[in-house]
Amino acid sequence: MPNNNGCVYGLTILSPILNDEKATPSHDLQIRNYLATLPTGETSPFAHAPGTHLCRLVVMDDVIYVGMPACEEHLKSKYLIFESNLDAAGGAGLESYLRGLAQAIPQHLDAVWSHCVGYPGAANAEAFVRYMKACQIETTFFFAAVNDKTVTETLRALQTQKAVADFIARHQGMEHAKLKAEFLEFATRLNAEPLPRPGTMGSRSGESDAWGRGRGIKTGGHNE
Amino acid sequence: MAIMSKLNETDIQGFVLRGYNLTYARYFYLHFEDAARARKLIARLLPEITTGQRWDGGKPRSTVNIAFTHRGLAAFELPIATLISFPVEFQQGMKKRAAILGDTGLNAPEHWDELWREGRVHAWLGIQGLTSSALDTASTEMLALIEETRGAVVLDSQDAASQVIAGKATTKEHFGYTDGFGNPDYLGVERSTQPGQGKLMPDGSWAPLATGELLLGYADEAGELPVAPIPHILASNGTFMAYRKLHQNLASFRAYLEEHGRQYGGGKEKLAAKFIGRWRDGTPLELSPDAENQAIVQDPQRSTNFTYGADGDGTRCPVGAHIRRVHPRDTFGFNGKLIDRRRVTRRGLPYGKFADENEPVSDSDDRGIIFMALNANLSRQFEFVQQQWIEYGNDARLGNDKDMLLGNHGGHGKFVVQGDGSQTNPPYVCTALPNFVELRGGDYFFIPSITALGMLAMGLVDPR
Amino acid sequence: MSNINGKVYAMNAVTPMKPWKTWVLRAIFFVLWNVKPLQQDLINLSFIEFARWVVIPRRRFPDLGNAQPKEELQYDYLLFFSNFNGTWNQYIDAFSAVLAKGLNLIWRWSEKFPGSVPVTIFKEYIARVQFDTDYYYTAYPHATANDLKSAHIVQASFDVLSQRAQTATPEEFAEEYLDFVLQVQCHLGETGEAPVVF
């Protein structure tokens, strides 16, 4: 099943965007503007709704003319692409993900998809799921580096890795009984730690806000 | 066998093709105030510039070479189309690339020597001498030419020299490591190749790298001519140099090694070896994990001839050791193809007073190494290695961990010595890493061919 | 509005294909999917978190009625979405250096594809067919694919050790602990900020 890879699901949605000449700014620009202000870190809507490893939203203006002798052609509508890599074990996986979105973040879904043709709103979860499925394109080939761990398991593993590295560094050459006692205490404490919040992770602040402040990006060169 | 055009060694500056092995060096940093006088100076210097012609008749007593920053080239009033055809990183200069290179905190430009902070260096004039007096003689001659033509202002100078022990020049640097191994072999440049220095072939043998990884105008490892400024004649037979003055905190290094050498089961010398990947005498850990072995060091067929395939866990040579980071060999699989375009040629010498093991030293003593990396493409080669393999560890599967000796640690970070179950090779973690090395300045230079120097001298550069 | 979030880069590309060629590509993907060893190279490149190819036949752009004009296209389109670690240049350099045949197999059916070697012209083509991401989210911005794999190894080893620690004597534990350290010693890299993109 090409949309699935292990317990990860590759969801590809193409939603036609409303084309209303009277709208100012146009619907696609309104989507863009909204997305530009949406946080991408731990306050992201996708951190709030469960199950998303990585996802993106892209307004595809048109297909691209690659130059002669290829023919020039154009799309009649713009499309909003939603590419998501999500936890979806089992057959009901996709539906439960979509319902999860509708329940957790309806206001954001509406803010974005209300500019798309035929969007019923997230208030009616069934209608929302039907709409998304109508816009779904089958993923032809889906590659995942890690395909057998959920978001929760991943965040926990990253937390463990950091704590373990620290423990090992601090307990070198320790006498056996003490080592065992300290390890048991460490393990208990670690298991009681709350799960790190998705969309963050890392000792130093690195949360990039919607304008990319805190991102360390300098322009590179054209040549390389 | 690869096909290439024969190298005209008389057109390439000798400094590019060879490490001269002349003990003493003096680098002058020049600033051009007037294009016409600068051209006269280059014209007068031209016959003095040491080319790549082989010294079959014996070493000269001194050598002279020259390289230019982008600002320096602009001072010759080259056409704007030529100037902007140089790679972006070279146009910006090393100071503006500080964030990219991880030159922040203690290595940030605000802590650099004034010479480099100011950004007025137009040219590097590198003189080397067999003896201290040969160096002085050559320096005096060059300064006289500069004075006579009024072609440049000498902003500053830097002396550097190999450490001389018992009358012989060595390749030891201040931390006590034997340096100078593993410069890449390029097609057409060396007469013979040394296993381990070129690129790894599918059958396990080593072959020279494509010439275009070092020199502009020749095919590179990607099967094309490297991106180069226009016109061809200005770029060909030239190369780029990243010049970095690396101050060494010898007191911190010695103290750190003492403290951790006591706690580490293999002892101090072995721990020092684990940082780099070679014992301090130059023996590669991969070939001799338990003891130094001069027989290997002295044999060019062995001293660089190893791969890491059988040491995937880093128990012989740690996964994050310096030489493994900057030359991963077969570590990434794919027959080494992912590293063939990430090699650089290193030149450079230590500067400052050498101190015996027992001599008291201070971090503020003026000593370190003048590091020079030569490559056809600064961003793909030097900058990539500096950013991705030294100040970062993802390709080595070490996350954000930095190179133990060169990393800009700021008191944080860690270095893991992987071990096996034995007493003398235990796993060990070094933490709270100081900056053993600090950047005090530098820049990016273009080392032109002899022909290109002639064109600069005559003001004869047209773009297309 | 960025292609980058922490250590991961979102690349989007769209290329046109003559419809008869789409069938060949589908067959190739089918083989790639079912003959797992062919995916080994992709796995070994270890800097891709998730990647997908999506073929959109010319008549299958979603049509929700409502007076949405029907698309009238000559070409089918191949969409490519990648989530990878490292810089744009590093990514393409790596593919061109070691997966040229695989890349060619997938993209030669797209119009005007120049081949993935030599790399400079290949990069120009990608720059032409790439379009930019409006919103990019990752649950773990400070970890790369390598970091994830290491983290899972550490977690698994830690779970085993925690179990054993309950009932082991100090001597037994010390041995188990050493084994544990040996298992995870290559997997302890710190996670954190990405290097500055250039």
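Residue by residue along A:142-152, Cβ atoms of other protein chains within 10 Å of the local Cβ number 6 on average.
Pairs over the 21 Å Cα-Cα cut-off, from the set B:Lys199/C:Lys36; B:Lys337/C:Lys123; C:Lys7/C:Lys149; B:Lys59/B:Lys199: B:Lys199/C:Lys36; B:Lys59/B:Lys199.
Under a Cβ-Cβ cut-off of 14 Å, what is the net charge of the residues other than B:Ala166 that fall near it, where Lys and Arg count +1 and Asp and Glu count -1? Here the charged neighbours net out to +1. For B:Lys40, the aspartates and glutamates whose Cα falls under 17 Å of its own Cα, not counting residues fewer than eight places away in the same chain, are B:Glu48, B:Glu77, B:Glu141, B:Glu147, B:Glu148. Counted over chain B with a bin width of 10 Å, the fraction of Cα pairs per bin, in whole percents, is 4, 20, 32, 27, 13, 3, 0. For the stretch C:84-89, the Karplus equation 6.51 cos²θ - 1.76 cosθ + 1.60, evaluated at θ = phi - 60°, returns couplings of 10, 9, x, 8, 4, 5 Hz by residue, with Gly and Pro reported as x.
Structure note, pairs A:Lys76/C:Lys18; B:Lys245/B:Lys274; A:Lys180/B:Lys414; B:Lys6/B:Lys172; C:Lys70/C:Lys112: Cα-Cα distances above 30 angstrom occur for B:Lys6/B:Lys172.
As I understand it, the value is the acute angle between the Cα axis of helix B:35-45 and the longest principal axis of the Cα atoms of chain B; what does it come to in degrees, rounded to 10? Orientation of helix B:35-45: about 70 degrees from the principal axis. Determine which residues of the stretch A:1-39 fall in the zone a paramagnetic label at C:Asn66 would reach in this model, i.e. backbone nitrogen under 15 Å from the point 7 Å along Cα→Cβ. Of the residues in the stretch A:1-39, A:14-21, A:23, A:27-28, A:31 have backbone N under 15 Å from the label point off C:Asn66.
Rounded to the nearest whole Hz, the Karplus-based 3J(HN,Hα) values (6.51 cos²θ - 1.76 cosθ + 1.60, θ = phi - 60°) of the stretch B:345-353 follow the sequence 9, 9, 10, x, 9, x, 10, x, 6, with x at glycine and proline. Using the rule -39500 (n - 2.57) for each DSSP H run of four or more residues, divided by the residues of chain B, the 222 nm mean residue ellipticity is -5500 deg cm²/dmol. Electrostatic tally near A:Leu54: other residues with Cβ closer than 10 Å to its Cβ, Lys and Arg +1, Asp and Glu -1, net -1. By other beta-carbon atoms within 10 Å, ranking B:Leu135, B:Leu460 with the fewest at the front produces B:Leu460, B:Leu135. Each of C:Ala174, C:Pro195, C:Gln163 was scored by the projection of its Cα onto the charge dipole of the stretch C:82-198, and the greatest displacement toward the positive side belongs to C:Pro195; charges sit on the C-beta of Lys, Arg, Asp and Glu.
Taking the number of Cβ atoms within 10 Å of each Cβ as an exposure proxy, the fewest-first ranking of A:Lys178, B:Lys274 is A:Lys178, B:Lys274. With r as the distance between the Cβ atoms of A:Glu182 and B:Ser422 and R0 = 30 Å, compute the FRET efficiency 1/(1 + (r/R0)^6) and round to 0.05. Computed FRET efficiency for B:Ser422 and A:Glu182: 0.80.
Cα axis of helix C:145-167 to longest principal axis of chain C: angle in degrees, 0 to 90, nearest 10? With both axes taken from Cα atoms, the answer is about 30 degrees.
Amide H to amide H distances under 5 Å link B:Asp156 with B:Tyr29, where only residues 5 or more positions off or on other chains count and H is placed in the peptide plane.
Simple spin-label estimate for A:Cys71 and B:Thr170 gives 7.6 nm between the two label positions (7 Å along the Cα-to-Cβ direction from each Cα). Over the stretch B:328-370, the hull volume per residue, using the convex hull of the C-alpha atoms, is 129 Å³. Taking every residue in A:166-177 and counting other chain Cβ atoms within 10 Å of its Cβ, the average works out to 5. Residues whose amide H lies under 5 Å from that of B:Thr69, counting only those 5 or more places away or on a different chain, are B:Ala123, B:Trp124, B:Phe446; hydrogens are built 1.01 Å from N in the peptide plane. Of all lysines in the structure, the ones whose alpha carbon falls short of 22 Å from that of A:Lys178, not counting any fewer than 8 places away in one chain, are A:Lys162. Each Cα pair under 8 Å and six or more residues apart adds its separation to the average, and for the stretch B:341-464 the resulting relative contact order is 15 percent. A simple charge model with +1 on the Cβ of Lys and Arg, -1 on the Cβ of Asp and Glu and nothing else charged puts the dipole of the stretch B:333-464 at about 680 debye relative to its Cα centre. Each other residue within a Cβ distance under 9 Å of B:Gly266 adds +1 if Lys or Arg and -1 if Asp or Glu, for a net charge of +1. With R₀ set to 41 Å, the beta-carbon distance separating B:Ala255 from A:Glu193 gives a calculated FRET efficiency near 0.70. Would you work out which of B:Cys317, B:Tyr243, B:Thr23 lies farthest towards the positive end of the dipole of chain B, given +1 charges on the beta-carbon of Lys and Arg and -1 on that of Asp and Glu, about the Cα centre? Result: B:Tyr243, furthest along the dipole toward the positive end. Under 5 Å from the amide H of C:Ile4 lie the amide H atoms of C:Ala10, each residue being 5 or more positions distant or on a separate chain, with H modelled from the backbone and absent for Pro and chain starts.
Every Cα-Cα pair of the protein assembly as shown was included, and the share exceeding 52 Å stands at 21 percent. Evaluate E = 1/(1 + (r/R0)^6) for A:Glu21 and A:Gln103, where r is the Cβ-Cβ distance and R0 equals 41 Å; express this FRET efficiency to the nearest 0.05. That pair, A:Glu21 with A:Gln103, gives E of 0.70.
For chain A, the longest principal axis of the alpha carbon atoms and the long axis of helix A:93-104 meet at an angle near 90°.
Among the residues of C:53-59, the average count of other protein chain beta-carbon atoms within 10 Å of the residue beta-carbon is 5. Per-residue 3J(HN,Hα) values for the stretch B:106-115, derived from phi via the Karplus relation 6.51 cos²θ - 1.76 cosθ + 1.60 with θ = phi - 60°, read 5, 9, 5, x, 5, 9, 6, 4, 4, 3 Hz in sequence order (x marks Gly and Pro). Since only B:Val461, C:Ala13, A:Thr188 are under comparison, the one whose Cα sits farthest along the positive direction of the charge dipole of the protein assembly as shown, derived from C-beta charges on Lys, Arg, Asp and Glu, is B:Val461. Here the simple spin-label model places points 7 Å from the Cα toward Cβ, and for C:Trp20 and B:Trp55 these points are separated by 6.8 nm. Each Lys and Arg Cβ is given +1 and each Asp and Glu Cβ -1; about its Cα centre, the protein assembly as shown then shows a dipole of about 1300 debye.
Each reported figure results from applying straightforward, stated rules to the coordinates on display, with no laboratory input. Bear in mind that the values here come from a model prediction, so they are computed numbers and not experimental data. Neighbour counts are summed over all protein chains in view; Cβ atoms, including those assigned to glycine, are modelled from backbone coordinates with ideal geometry.
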